[in-house]
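What follows is a set of notes on a single structure, which appears directly below.
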Amino acid sequence: MQIVHFPHPALRFKSTPIIRIDNELRQIVREMFDLMYAAEGIGLAANQVGLPWRLFILNLTADPNEKEEEHVFINPEIIERKGTIEAEEGCLSLPKLYHPVRRSQEVVIEAYDLTGAGFEMTVDDLASRAVQHELDHLDGVLFIDRLSEFARREVASQVNDFETAFRQQQQTGIIPADTELEQQLRELVQRQS
Ligand code: ZN
């Protein structure tokens with residue numbers, strides 16, 4: 001398992017609901033936390049590790065010792081939004097690219113945890129931003145998609161560099177072609193249905 005970078009097709013995949021929470025899934029979540037901490041991130045969506053399922057994790061402290069700050073969101077949905085606020089955002093799939101993004105200030109999110117229990121959480125500030133960013137991932141949406149036309153031009157050359165690097169890795173065979181990656185994603189969808 002590894003964190004995939006833009007423009008990996010997993011990042012454009014509309015993820016499918018999880019219907020089975022088992023030991024395999026718990027192991028996957030553990031590995032996702034390890035990868036997230038290694039990359040010094042605060043959130044990670046399943047499709048960022050090439051898994052097209054509706055699941056993301058958060059630990060806003062980014063500290064692996066703060067286990068009680070670890071949150072797992074399975075089949076999450078935002079059911080309420082209040083206000084808007086703009087602040088800088090980044091993404092482990094677009095490393096070192098940062099730009100302010102306008103988001104809802106406060107959201108109420110519903111999800112299931114790893115025991116299969118449903119929960120509801122009201123979050124604001126960083127938690128609200130992280131939840132919206134990660135939930136976007138599950139719909140194949142990246143934070144750069146949320147930028148204004150003008151802002152998108154500002155980051156265009158950095159985005160282009162990611163594209164070039166990814167295509168080069170495909171040409172040299174380090175990363176499979178898009179068609180093969182898309183086939184892998186479709187097979188993984190079958191495993192949760
Ligand atoms: Zn991200």
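Throughout, read-outs are computed from the coordinates displayed, never taken from laboratory work. Keep in mind that what you see is a predicted model, and the values were worked out from it rather than measured. When we count neighbours, we look across all protein chains shown, and the Cβ atoms used for this are built from the backbone with ideal geometry, even at glycine.
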antiparallel share of DSSP beta bridges within the chain, to nearest 5, in %, is 95 percent
In deg cm²/dmol and to the nearest 500, what is the mean residue ellipticity at 222 nm of the chain if only DSSP H runs of at least 4 residues count, each as -39500 (n - 2.57), divided by the residue total? -11500 deg cm²/dmol
Say the dipole of segment 9-192 comes from +1 at the beta carbon of Lys and Arg and -1 at that of Asp and Glu; which of Gly173, Ile57, Gly90 then lies farthest toward its positive end? Gly173
Assigned charges on the beta-carbon of Lys, Arg, Asp, Glu; segment 79-142 dipole about Cα centre (debye): 240 debye
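Among Met32, Met121, what is the fewest-to-most ranking by other Cβ atoms within 10 Å?
Working: Met32 22, Met121 15.
With the fewest neighbours first, Met32, Met121 line up as Met121, Met32.
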Ranking Leu126, Phe73, Leu11 by how far each Cα lies towards the positive end of the charge dipole of the chain (+1 on Lys and Arg Cβ, -1 on Asp and Glu Cβ), the top one is Leu11
Just in segment 54-157: which trypsin sites (Lys or Arg not before Pro) are loop by DSSP and have at most 14 other Cβ atoms within 10 Å? Lys96
In order over segment 161-173: 3J(HN,Hα) from phi, Karplus 6.51/-1.76/1.60, θ = phi - 60°, whole Hz, x for each Gly or Pro, gives 4, 4, 4, 4, 4, 5, 5, 5, 5, 6, 5, 8, x
Near Phe119, within a Cβ-to-Cβ distance under 9 Å, what is the net charge of the other residues, with Lys and Arg +1 and Asp and Glu -1? -3
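Over the chain, what is the relative contact order in whole percent, taking alpha-carbon pairs under 8 Å and six or more residues apart? Walk me through the numbers on the way to the answer.
On the way: 322 pairs, mean separation 49.7, N = 193.
It rounds to 26 percent for the chain.
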Treating only Lys and Arg (+1) and Asp and Glu (-1) as charged, each at its beta carbon, one finds that the chain has a dipole about its Cα centre, in Debye to the nearest 20, of 560 debye
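Take Tyr37, Tyr98 and order them by how many other Cβ atoms sit within 10 Å, fewest up front.
Exposure proxy ranking, most exposed first: Tyr98, Tyr37.
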Identify the residues of segment 73-98 with backbone N under 15 Å of a label point that sits 7 angstrom from the Cα of Glu154 along the Cα-to-Cβ direction, or state none. 86-90, 97-98
Under 5 Å between amide H atoms, partner at least 5 residues away or on a different chain: which partners does Val101 have, H built in plane at 1.01 Å? Ala87, Glu88, Glu89
